[in-house]
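Colleague: Pasting in a structure now, in structure tokens, and then I'll have a few things to ask.
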Amino acid sequence: MKKENDVKLERVYEKQITVFGKPLRVKRLILISLTGLLLGILGYMEIYAIAWLIVAIFFFCLAVFSLALYIKTILYFGEYCVEASPSGDIYVTKLFGQCTICLGELKIVKNKKGTFIQCQEDKSHIWDIHKKD
């Protein structure tokens, strides 16, 4: 990991996702999506209507999304991200950071080795995300 250059990611936009004024949490989203998937499958098996199959497919996609968010805690969609806080609250954010070596954009990468900041232009530019100042 590089130590000579200090890089920072800043949140230039942050919006908490709420439902009826209460924050939406990842575990609740997983529960809702699995319940909707079960409802869609049972509805389709009962009357064989395509509408129930569409409901099941929608909730299946929502379940895959929510499980991926639970595992990775941050998902990128273009310039915006969907993040889950340690308490499970879901936020839509926009992160911005610039590599001090090549001026490329930075992003957060999480794998088996840990969580770190990596340049999108040159994958060898890596910084520890939990660096103590």
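Colleague: Go through the range 10-24 residue by residue and turn each phi into a ³J(HN,Hα) via Karplus (6.51, -1.76, 1.60, θ = phi - 60°); whole Hz please, and just put x for glycine and proline.
Modeller: Values per residue, Gly and Pro as x: 10, 8, 8, 8, 8, 9, 7, 8, 10, 10, 6, x, 10, x, 7 Hz.
Colleague: Also, I was wondering about something else. Using the count of nearby Cβ atoms within 10 Å as a rough guide to exposure, how do S85, S33, S66, S124 rank from fewest to most?
Modeller: Going from least to most buried by this count: S124, S85, S33, S66.
Colleague: Please report, in cubic angstrom per residue, the volume enclosed by the convex hull of the alpha-carbon atoms of the range 10-128.
Modeller: Residue-normalised Cα hull volume stands at 133 Å³.
Colleague: In this model, which of K72/K94; K27/K123; K8/K94; K94/K123; K27/K110 are farther than 23 Å apart at the alpha-carbon?
Modeller: In this structure, K27/K123 exceed 23 Å between Cα atoms.
Colleague: Please state the relative contact order of the chain as a whole percent: Cα pairs under 8 Å, 6+ residues apart?
Modeller: 28 percent
Colleague: Residue by residue through the range 42-58, what is 3J(HN,Hα) from phi via Karplus (6.51 cos²θ - 1.76 cosθ + 1.60, θ = phi - 60°)? Round to whole Hz and write x for glycine and proline.
Modeller: Karplus values, whole Hz, x for Gly and Pro: 5, x, 5, 5, 7, 10, 6, 9, 5, 4, 5, 5, 5, 4, 5, 5, 4.
Colleague: Check the cysteines of the chain one by one and keep only those with no other cysteine Cβ under 4.7 Å from their own.
Modeller: Within the chain, the cysteines lacking a partner Cβ under 4.7 Å are C61, C81, C102.
Read-outs throughout are calculated quantities, based only on the coordinates presented, and are distinct from any laboratory measurement. None of these values were measured; they are calculated from a predicted model. Neighbour counts are summed over all protein chains in view; Cβ atoms, including those assigned to glycine, are modelled from backbone coordinates with ideal geometry.
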